[in-house]
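Asker: Handing you a structure now.
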Amino acid sequence: AQSVAQPEDQVNVAEGNPLTVKCTYSVSGNPYLFWYVQYPNRGLQFLLKYITGDNLVKGSYGFEAEFNKSQTSFHLKKPSALVSDSALYFCAVRDGGVLTGGGNKLTFGTGTQLKVEL
Amino acid sequence: NAGVTQTPKFQVLKTGQSMTLQCAQDMNHNSMYWYRQDPGMGLRLIYYSASEGTTDKGEVPNGYNVSRLNKREFSLRLESAAPSQTSVYFCASKLREDGSNQPQHFGDGTRLSIL
């Protein structure tokens, strides 16, 4: 079974400071990893994904994520936070070793609320 | 670009009432999904439809039914609503369900309260 853990319910950071939102995962095969962001009263929006290749993945709005296979982590980062980055962030994983659609679904973490203050 | 459209946006039901949540996508996607979002639990998959004409259970299907009406539309029905089904429901779509790495596209959700 695949799983995702986001150990922090909330992360607070000052505007202009770097931010990190943590995510660890567990899959039996190769991981496909995703980050989504959710603004109030909206659906989830795709930020970035890791499938294979470079461990540092760049995505939308200046976000990036670092894949670390030995630590089974996929932390979301941004060098300089903005107040407008305040939102709920979800990490998600699927097992890339399962090729067919049946049962190979995306598993989401419980979400981390990011609060960026002036 | 409408993307994924869900109706209604808000609904209040009484226990035992029935209701259908509607979802439509205009991206010519083959696969569609229904999730529920509850505080502290992330998103949990209720049902999905890998392609037109097929539906399968997800993690939490009890108390729900779905219909893939055509390629565009995927509805979720609560036959006899219970307070435990109070939640925010999201519909999502994806080009195809084949183990690929494409992201899912989400609607803005239906906020459902059952009294």
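Derivation of every value follows stated rules applied to the coordinates shown; laboratory data play no part. For clarity, every value in this text was computed on a predicted model and none was experimentally measured. Ideal geometry is used to build each Cβ from the backbone, glycine not excepted, and the neighbour counts take in all protein chains shown.
Asker: Calculated FRET efficiency, A:THR20 and A:LYS115, Cβ-Cβ r, R0 22 Å, to nearest 0.05?
Answerer: In this case the efficiency is close to 0.95.
Asker: How large are Rg and Dmax for the protein assembly as shown when calculated on the C-alpha trace, in angstrom?
Answerer: Using the Cα atoms of the protein assembly as shown, the pair Rg, Dmax is 17.6, 52 Å.
Asker: Right, something else. How much length is gained if the chain between B:THR20 and B:ASP38 is pulled fully straight, taking 0.36 nm per residue apart and subtracting their Cα-Cα distance, in nm to one decimal?
Answerer: 4.6 nm
Asker: Let me ask something else about it. Run the quick spin-label model on B:THR86 and A:TYR39: label points 7 Å from Cα toward the beta carbon, then report their separation in nm to one decimal.
Answerer: Between B:THR86 and A:TYR39, the label points sit 2.8 nm apart.
Asker: Quickly work out the B:ASN101-to-A:ASP54 label distance, labels modelled 7 Å from Cα along the C-beta direction, and quote it in nm with one decimal.
Answerer: According to this spin-label approximation, the distance is 1.3 nm.
Asker: Find the percent of Cα-Cα distances in chain A that exceed 24 Å, and round it to a whole number.
Answerer: When all Cα pairs of chain A are counted, 22 percent exceed 24 Å.
Asker: Once label points are set 7 Å from the Cα along Cα→Cβ at both A:GLN71 and B:LYS9, what is their separation, rounded to one decimal in nm?
Answerer: Once both label points are built, they end up 4.1 nm from each other.
Asker: Take A:VAL83, project a point 7 Å from its Cα along the Cβ direction, then tell me which residues of region A:11-54 have their backbone nitrogen under 17 Å from it.
Answerer: Residues passing the 17 Å test: A:12-17, A:40.
Asker: Net charge around B:GLY53, counting only other residues with Cβ within less than 11 Å of its Cβ (Lys, Arg = +1; Asp, Glu = -1)? Walk me through the intermediate numbers first.
Answerer: Numbers: positive: B:ARG68, B:LYS71; negative: B:GLU52.
Neighbourhood net charge equals +1.
Asker: Let me ask something else about it. For region A:36-96, take N as its residue count and report Rg(C-alpha) divided by 2.2 N^0.38 Å.
Answerer: 1.16
Asker: Under a straight-distance cross-link criterion of Cα-Cα below 17 Å, which lysines are reachable from B:LYS71, leaving out those fewer than 8 residues away in the same chain?
Answerer: Qualifying lysines at Cα under 17 Å: B:LYS94.
Asker: Same structure, new question: Of A:LYS58/A:LYS78; A:LYS49/A:LYS77; A:LYS49/B:LYS57; A:LYS49/A:LYS115; A:LYS69/A:LYS105; A:LYS22/A:LYS115, which pairs sit farther than 18 Å apart, going by alpha carbon to alpha carbon?
Answerer: Check vs 18 Å cut-off fails for A:LYS49/B:LYS57; A:LYS49/A:LYS115; A:LYS69/A:LYS105.
Asker: Using the Karplus curve 6.51 cos²θ - 1.76 cosθ + 1.60 with θ = phi - 60°, work out ³J(HN,Hα) for each residue of region A:33-40 in order, rounded to whole Hz, and write x for Gly and Pro.
Answerer: 10, 9, 10, 10, 10, 10, 8, x
Asker: Moving to a separate point now. Mind checking which aspartates and glutamates have their C-alpha under 13 Å from B:LYS14, skipping anything on the same chain fewer than 8 residues away?
Answerer: B:GLU79
Asker: Plugging the Kirkwood radius over Cα pairs into Stokes-Einstein for chain B, at a temperature of 20 °C and a viscosity of 1.002 mPa s, what D comes out in µm²/s?
Answerer: The Stokes-Einstein estimate is 153 µm²/s.
Asker: Before anything else, pin down the relative contact order of chain B: Cα pairs under 8 Å, at least 6 apart, normalised by residue count, whole percent.
Answerer: Contact order relative to length: 36 percent.
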